[in-house]
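See below for the structure under consideration.
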Number of protein chains: 2
Amino acid sequence: MHLSQLRQDFVLHFGEMGSRWGINRTVGQIYAVLFLSDEPLCADEIVEALGLSRSNISMGLKELQSWNLVRLRHKPDDRRDYFTTPEDMWEIVRTLIAERKKREIDPTLTKLRELEMAKPSADDAHAHERIAELRALIEAMTNFYDEMNQLETERLLALLNMGSKLGKFAQGAGKILPLRRKKG
Amino acid sequence: MHLSQLRQDFVLHFGEMGSRWGINRTVGQIYAVLFLSDEPLCADEIVEALGLSRSNISMGLKELQSWNLVRLRHKPDDRRDYFTTPEDMWEIVRTLIAERKKREIDPTLTKLRELEMAKPSADDAHAHERIAELRALIEAMTNFYDEMNQLETERLLALLNMGSKLGKFAQGAGKILPLRRKKG
DNA sequence: CATCCATTTCAGAAATTTCTGAAACTTCAG
DNA sequence: CTGAAGTTTCAGAAATTTCTGAAATGGATG
């Protein structure tokens, strides 16, 4: 590795966190290198920086592409692929959320809807009810997400900064579609 | 397994999703069984339901406890430990978010703050800047989360249901002016 | 205390995931 | 075409994670 102390620390941290984030160590490290890099890097530069095999880096970059977390770039008179991460941090966050939703939530929502279709036997009454409740909750959250994700970053930021003031606002406004609350 | 078709489908799905959710197959399956169960279950009942070893179930339950995803119960004249998941689905969501934040975000926030302390060499100027930007963004989000998490579920639900109307609200939001008539 | 019953621990086995080098493939230039 | 430069694929090796049975632990009871 020929990375500065700062970069190395950051890269190793991302490597360690990788597995908790649903990627692996190598993918986390590659992302970290790209995230900090002043300019786009090609595969061999990443190999150099991380001391991992070319094939591993290649697979890692594919994985990052499948997450839409890196952008492909080209330089004149150079046929190598160069990679960067977006400048805009909020774009990164949006991507991360969208991709994790796709992988961690959407399949379950599909499954829950499927399970909810079948009429439950008497023994399954309670289970069926719980499934329905979970499905409704996930739908409420993903619908909200879809709507928030439509907003421009500017607007989103304004909401973020309003923080607890939103709670006050919600005070008067609870009338629309109350979701089922427990304890009838 | 002596689970109904419905339960079995649900359990297998949670097992498959487990690894994407940062737990393993067994833990996912145990959680699924408890989530659907009409009443608290003891370890041996789960062993019975899933056909896994007693020790594996024991470790899985420990893991679920470390996530605060299950509650311990006892029955009169029975010294076994029984487990349930909370009735209230929103409590579950809150726990899930809190625990994932704790595992996936807090350590990184700490690390970023630490890295940001050191004065960067000239070469690291851009890297240092990116780290600062990421730290600021994570702080903005976690502060927002902390504030939202203070709200009662009722209030949270009201916000969820307002959906895109919040975007409109963010529009004019220098002041708080509780209710301006929409669309002049 | 000894016993019973339940839970936990833990070392090794089994399963899964990650990583590598070698070969295959692709594209472009001459 | 042929070769050079780059990327991808993939089978097996290496590393890591999960799972198990056996033994250890805990704690209530008589």
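The values are calculated or read from the model by the stated rules, or taken from the named source; none is laboratory data. Keep in mind that this is a model prediction, so the values were computed, not measured. Neighbour counts are summed over all protein chains in view; Cβ atoms, including those assigned to glycine, are modelled from backbone coordinates with ideal geometry. Note: areas computed on protein heavy atoms with side chains; ligands, DNA, RNA excluded. Shrake-Rupley method; radii C 1.70, N 1.55, O 1.52, S 1.80 Å.
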Name the GluC sites (Glu not before Pro) in segment A:54-135 that are in a loop by DSSP and that have at most 11 other C-beta atoms within 10 Å, would you?
A:Glu87
Dipole in debye (nearest 20) - segment A:89-165, about Cα centre, beta carbon charges: Lys, Arg +1; Asp, Glu -1
160 debye
Only Lys, Arg (+1) and Asp, Glu (-1) charged, at Cβ; chain A dipole about Cα centre in debye
900 debye
With a 1.4 Å probe and all protein chains kept in place, how much accessible area does B:Leu157 have, in Å² rounded to the nearest 10?
10 Å²
Report, in deg cm²/dmol and to the nearest 500, the calculated mean residue ellipticity at 222 nm for chain A, where each DSSP H run with n ≥ 4 adds -39500 (n - 2.57) and the sum is divided by the residue count.
-19500 deg cm²/dmol
Within 14 Å, Cβ to Cβ, of B:Val47, how many net charges do the neighbouring residues add up to if Lys/Arg are +1 and Asp/Glu are -1?
-2
Just to be sure I understand the interface: list residues from segment B:67-90 that lose 10 Å² or more of accessible area between the chain on its own and the complete protein assembly, 1.4 Å probe.
B:Glu87, B:Asp88, B:Met89, B:Trp90
Accessible surface, 1.4 Å probe, highest first, among residues B:His74, B:His126
B:His74, B:His126
In percent, how large is the relative contact order of chain A, given Cα pairs closer than 8 Å and 6 or more residues apart?
13 percent
With the solvent-accessible surface defined on protein heavy atoms using a 1.4 Å probe, which residues belonging to segment B:111-137 display a reduction of at least 20 Å² in accessible area in the multichain context relative to the isolated chain?
B:Lys111, B:Leu115, B:Asp123, B:Asp124, B:His126, B:Ala127, B:Arg130, B:Ile131, B:Glu133, B:Leu134, B:Leu137
So, over other residues within a Cβ distance under 12 Å of A:Leu3, counting Lys, Arg +1 and Asp, Glu -1, the net charge is -4
Considering only the other residues whose Cβ falls under 12 Å of the Cβ of A:Leu166, what net charge follows from Lys and Arg at +1 and Asp and Glu at -1?
+3
With +1 assigned to the C-beta of every Lys and Arg and -1 to the C-beta of every Asp and Glu, and no other charges, what is the dipole magnitude of the protein assembly as shown about the Cα centre in debye, to the nearest 20?
1280 debye
Can you give me the Cα centroid spacing of segment B:105-133 and segment A:89-118 in angstrom?
31 Å
Inter-copy spacing of A:Glu104 label points, which lie 7 Å from Cα along Cα→Cβ, given in nm from shortest upward
0.2
With only alpha-carbon pairs counted, each pair once and no self-pairs, how large is the Kirkwood hydrodynamic radius of chain A in angstroms?
20.0 Å
Heavy-atom surface of segment A:5-84, accessible at 1.4 Å and reported per residue (Å²):
51 Å²
Quick one: accessible surface of B:Phe144, probe radius 1.4 Å, all protein chains present, in square angstrom to the nearest 10.
50 Å²
Ordering B:Asp38, A:Asp124 by accessible area with a probe of 1.4 Å, largest first, what comes out?
B:Asp38, A:Asp124
Work out, in µm²/s and without decimals, the Stokes-Einstein translational diffusion coefficient of the protein assembly as shown at 4 °C, 1.567 mPa s, Rh from Kirkwood over C-alpha pairs.
56 µm²/s
Distances in nm between the label point of B:Ala136 (7 Å along Cα→Cβ) and its equivalents in the other copies, shortest first, are 4.3
Cβ-vector label at 7 Å, A:Met59, separations to other copies in nm:
2.4
Just to be sure I understand: if you take the accessible area of chain A alone plus chain B alone and subtract the pair, with a 1.4 Å probe, what total do you get in Å², rounded to 100?
6200 Å²
